[in-house]
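The values are calculated or read from the model by the stated rules, or taken from the named source; none is laboratory data. Keep in mind that what you see is a predicted model, and the values were worked out from it rather than measured. Here Cβ is always computed from backbone atoms with ideal geometry, including for glycine, and neighbour counts include all displayed protein chains.
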Amino acid sequence: MQVVIQPDAEAIASLVADEIERLLRQRPETVLGLATGSSPLAIYDELVRRYEAGRISFARSRAFMLDEYVGLPADHPERYRNVIEREIAGRVDFAPGAVQGPDGNAEDIPAACEQYEAAIAEAGGVDLQILGIGSDGHIAFNEPGSSLASRTRIKTLTSQTRRDNARFFDGDVDAVPHHCLTQGLATIMSARHLVLVATGAGKAEAVHHLVEGPVSAMWPATVMQHHPRATVLLDAAAASRLQLGDYYREVFANKPAWQGL
Ligand code: GLP
């Protein structure tokens, strides 16, 4: 696992956008994994800037979302499909239908989850998966206790996650759905490069477990320690509980340029 500590979210965004730009130039059909939440927003803004400057195009690429609430009306502004449209998909040149998410309003939920797995496989898998982390250590919506071998399925959100996400529902925790569909931990682990971003002291404990704790379903993000190519980008506050912070800084400062992110 590579740990990169940067001054702020903008510096993190620029490094991640560099890597995505490199991938899209190398192979315009690159498949991206998109996350919701506040953590990736600076990355999306930077990608939009580069698209508007004519540096990158998403016209031949595809994208898969990590998760979706169950039961939010199709036009609800916090339905993740609408969030992704607002934050990135609708601001660049993805082809119609090129961005997909699990269908939280499907009548047959298990079938919708299977179809989603099949769609990702049919696209050839995800090349670069952007991830945030919940304060309880979840990635996508894989809450503590999630099977490390899980695939896309329905999950019940913890009250901690519903409280954390109430800020997107005018502070009303009762408006946050109880259920979601989420890529499983094994689904996420199938992506070729995992790029997790976390900023702020509120993430420091989860980041400490993710990077330096034992692998455990109690801190689902720790499964990433088993991934051959996982990059964790942090600001100083999110990195504040890491034991080897100085070493990670030294490694990144001395990294051979040819390695990329
Ligand atoms: C949400 C999402 C996750 C996200 C996490 C952190 O519940 N399902 O994909 O990574 O919470 O969100 P934020 O980046 O806003 O802190």
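Values computed for the structure shown
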item: Among (1) under 20 Å from residue 5 (Cα atoms); (2) modelled with pLDDT of 95 or more, the one test that residue 134 misses; result: (2)
item: Number of the condition not met by residue 11 [criteria: (1) of a type outside the set (Lys, Arg); (2) under 19 Å from residue 157 (Cβ atoms); (3) away from the ligand (no atom under 16 Å from the Cβ)]; result: (2)
item: Members of region 228-237 that are under 18 Å from residue 194 (Cβ atoms) and surrounded by 18 or more Cβ atoms within 10 Å (Cβ to Cβ); result: 230, 231, 232, 233, 234
item: All positions within region 20-40 that are without any contact (Cβ under 8 Å) to a residue 40 or more places away in the chain and either within 16 Å of the ligand (Cβ to nearest atom) or in contact with a helix residue (DSSP H, G or I) (Cβ under 9 Å, 6 or more places away or on another chain) (or both); result: 21
item: Helices (runs of 4 or more DSSP H) within region 41-125 that include 2 or more residues without any contact (Cβ under 8 Å) to a residue 40 or more places away in the chain and away from the ligand (no atom under 15 Å from the Cβ); result: 41-52, 109-122
item: Pair list, Cβ under 8 Å, 6 or more apart: region 194-212 residue at pLDDT 95 or above and more than 8 Å from the ligand (Cβ to nearest atom), other residue of a type in the set (Val, Ile, Thr) and in a loop (DSSP other than H, G, I, E, B); result: 196/133; 206/133; 207/133; 210/133
item: Residue selected from region 158-177 under the condition assigned to a loop (DSSP other than H, G, I, E, B) and within 13 Å of the ligand (Cβ to nearest atom), by the criterion surrounded by the most Cβ atoms within 10 Å (Cβ to Cβ); result: 176
item: Check on residue 144, within 12 Å of the ligand (Cβ to nearest atom), outside any helix (DSSP H, G or I) and either under 24 Å from residue 19 (Cβ atoms) or touching an Asp or Glu at 6+ places or on another chain (Cβ under 9 Å) (or both); result: no
item: Residue check for residue 188: part of a loop (DSSP other than H, G, I, E, B), in contact (Cβ under 8 Å) with a residue 60 or more places away in the chain and buried (at least 22 other Cβ atoms within 10 Å of the Cβ); result: no
